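Written below as structure tokens is the structure these notes are about.
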Amino acid sequence: MTVVVTMNWGQVGEAEGKWREKALAGGFFKSLLDKGACMVCHDNTANCACSILYPLLYKAGVTTKIQDELVSGMALANTLAVRRLVHAERGKRATRELNRCVNHT
């Protein structure tokens, strides 16, 4: 279970807070929420923190691929996550070089 916890809502008015929460839910966190995550507002109280955390204590854990790879002894640099990051960065670099060449002709 993924829980997106937003906080510091006491620093803005209720209307502004509702608007920001809706904007986050429809923008930055949309892909997580579409996949089943839930979004809750933390009001900076211990009771609120407990109400967010207690349901998570009884959920089955999830092991990620990178955790499996590292536990099996794989070096971080050889994990799929790092390989994908390196591949993406090489693609960005190649695109920048191509754009630089196209813009100079």
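Read-outs: derived from the displayed coordinates by stated rules, not from any lab. Small disclaimer: the values here were computed from a predicted structure and weren't measured. FYI the Cβ positions are ideal-geometry reconstructions off the backbone, even for glycines, and counts take in every protein chain you see.
The length gained on full extension between residue 87 and residue 46, counted as 0.36 nm times the residue separation minus their Cα-Cα distance, comes to 10.4 nm. Within the straight-line cut-off of under 17 Å between alpha carbons, the lysines reachable from residue 30 are 18, 22, sequence neighbours fewer than 8 places apart in one chain being disregarded.
Multiplying the sequence separation of residue 30 and residue 95 by 0.36 nm and subtracting their Cα-Cα distance, what value in nm do you get? That pair, residue 30 and residue 95, stretches by 20.6 nm at full extension.
Rounded to the nearest Hz, the phi-derived 3J(HN,Hα) couplings of the range 51-67 under the Karplus curve 6.51 cos²θ - 1.76 cosθ + 1.60 (θ = phi - 60°) are 5, 7, 7, 3, x, 6, 5, 9, 8, 5, x, 10, 9, 7, 4, 5, 5, where x marks glycine and proline.
Approximating the spin labels as points 7 Å out from Cα along Cα→Cβ, the residue 103-to-residue 62 distance works out to 3.9 nm. Loop-located trypsin sites (Lys or Arg not before Pro) in the chain (DSSP state other than H, G, I, E, B) with a sparse environment of at most 10 neighbouring Cβ atoms within 10 Å: 35, 59. When you filter the chymotrypsin sites (Phe, Trp or Tyr not before Pro) in the range 8-39 for DSSP loop state and at most 16 other Cβ atoms inside 10 Å of their Cβ, you are left with 28.
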